[in-house]
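The block underneath contains the structure these notes are about, expressed in structure tokens.
The values are calculated or read from the model by the stated rules, or taken from the named source; none is laboratory data. Computed from a predicted model, the values in this text were never measured in an experiment. When we count neighbours, we look across all protein chains shown, and the Cβ atoms used for this are built from the backbone with ideal geometry, even at glycine. Ligands, DNA and RNA are excluded from the accessible area calculation, which covers all protein heavy atoms including side chains. Shrake-Rupley method; radii C 1.70, N 1.55, O 1.52, S 1.80 Å.
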Amino acid sequence: MFNETYKLPNGIEIPKLGLGTWLLDDAQTAQAVRDAVSFGYRHIDTAQAYMNEAGVGEGIRSSSVAREELFITTKVAAEAKTYDAVTLSIDESLAKMGLEYIDLLIIHSPQPWTEFREDNRYFEENKVVWKAMEDAYKTGKVKAIGLSNFLQDDVENLLANCEIKPMVNQVLAHVSNTPFELIEFCQKNDVLVEAYSPIAHGAVIDNAEVKIIADKYGVSVAQLCLRYDIQLGLVVIPKTSNPDHMRNNVELDFVIREADMETLKNVEPIRNYGEHSFFPVFGGKLE
């Protein structure tokens, strides 16, 4: 699995499987990165909003792998909607991680989190944000640029007003909650889709219908969910600090048959993400 990659429009290769670090503090993140890299992971995903970029940097420096062998993603804070704010944030991310460049930089959200999916779409502001991203790309501070949580019209806004096309859109995509139309639109426009929370932040683990299919293949529900996203052509970045889970998440050398894929595509949508339901990406609302 570690050798499987997708190629971005500019020729850069991105590993299909990465390590997510959401909700991990700096110390947990540093250890998770060390563990993951020792197992063979080469793709690490963080964000300014996670407040653990320093931990990512520490994990990289204390691992036994050269920096150029790793693919590091971070995200510009959703609240940064001016050119200067984005430029400053990029420099801050580089400083916190102790890196000379970022492999993939993405806009965390088209709107600030307190206004997520509300009427103000920030179309004009995101064009300015994107210009700052393009300039960082041109200077070599970042090797690829993309988006996160952008809906189709958010993406169209930038496609119609950019010099460099967005290369990635990272979205919530998992069994029981897969944005098929958005994925198809992005893929038709050469925008690679990445799936965060590919195991539904754990909410799908006890789904009886999904477990029946996982049992059929002799795999865990988590492994089935990761394989499902990969067969849809997505990058998967499951978050974990558990070494056993890291190892299990790599064991994806099976193929889900088409009939089972269709069943998984039509699993009843999850309504409740448990203790994390208050997050905007899971339908909650921040004040």
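Based only on Cα atoms, what mean projected area does the convex hull of the range 123-181 have, in nm²? Can you show the working numbers first?
Values: hull surface 17.6 nm².
For the Cα atoms of the range 123-181, the hull's average projected area reads 4.4 nm².
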_Run through the range 199-263 and list the chymotrypsin sites (Phe, Trp or Tyr not before Pro) located in a DSSP loop whose Cβ has at most 13 other Cβ atoms within 10 Å._
Phe254
*asked:* Counting only protein heavy atoms and a 1.4 Å probe, tell me what percentage of the chain's accessible area is made up of carbon and sulfur.
replied: 49
*Pop the C-beta distance of Asn242 and Asp215 into the FRET formula with R0 = 22 Å and round what comes out to the nearest 0.05.*
0.50
*What percentage of all Cα-Cα pairs in the range 1-54 are separated by more than 15 Å?*
50
*So, counting K/R as plus one and D/E as minus one, what does the shell of residues with Cβ under 14 Å around Ile183 add up to?*
-3
_Simple label model, 7 Å out from Cα along Cβ direction - His276 to Arg121, nm_ = 2.9
*Kindly provide the GluC sites (Glu not before Pro) of the range 145-208 that DSSP labels as loop, not H, G, I, E or B, and whose Cβ sees at most 10 other Cβ atoms within 10 Å.*
Glu163
*Considering the chain as a Gaussian network with a 10 Å cut-off on Cα pairs, which listed residue, Leu147, Leu234, Leu264, attains the greatest mean-square fluctuation?*
Leu264
*Where Lys and Arg each count +1 and Asp and Glu each count -1, what net charge lies around Pro243 among other residues with Cβ under 15 Å from its Cβ?*
0
*Measure off 7 Å from each Cα along the Cα-to-Cβ vector at Lys131 and Thr5, then give the distance between these two points in nanometres to one decimal.*
3.3
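Calculate for the chain the 222 nm mean residue ellipticity that helices alone would give, adding -39,500 (n - 2.57) per DSSP H run of length 4 or more and normalising by residue count, nearest 500 deg cm²/dmol. Walk me through the intermediate numbers first.
Details: 10 runs with 107 residues, N = 287.
Counting only the DSSP helices, I get -11000 deg cm²/dmol.
Find the eigenvalues of the gyration tensor of the Cα atoms of the chain, then list the square roots of 5 times those eigenvalues as equivalent ellipsoid semi-axes, largest first, in whole angstrom. Mind showing how you got there, number by number?
Values: eigenvalues 156, 103, 63 Å².
Equivalent ellipsoid semi-axes, largest first: 28, 23, 18 Å.
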*Kirkwood Rh, the range 164-266, all Cα pairs: how many Å?*
14.0
_What does the extension gain come out to for Asp206 and Asn161, with contour length at 0.36 nm per residue minus their alpha carbon separation?_
11.8 nm
*asked:* So for the chain, averaging the separation of alpha carbon pairs under 8 Å that are six or more residues apart and normalising by length, what relative contact order in percent results?
replied: 17
*List, largest first, the extents of the alpha carbons of the range 53-103 along their principal axes, each in whole Å.*
38, 17, 16
_Distribution of pairwise C-alpha distances over the range 70-136, 5 Å bins, in %_ = 4, 18, 29, 23, 15, 8, 3, 1
*Please give the contour-minus-distance gain from Glu92 to Ile12: 0.36 nm per residue of separation, less the Cα-Cα distance, rounded to one decimal in nm.*
26.4 nm
*Could you give the spread of the C-alpha atoms of the range 1-144 along their three principal axes, from largest to smallest, in whole angstroms?*
44, 33, 26
*Net charge of neighbours whose Cβ lies under 14 Å from the Cβ of Ala259, counting Lys and Arg as +1 and Asp and Glu as -1*: -1
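Using mean Cβ contacts within 10 Å as the protection proxy, how do 73-82, 122-131 order, highest first?
Numbers: 73-82: 22.1, 122-131: 17.5.
Descending packing order for the listed peptides: 73-82, 122-131.
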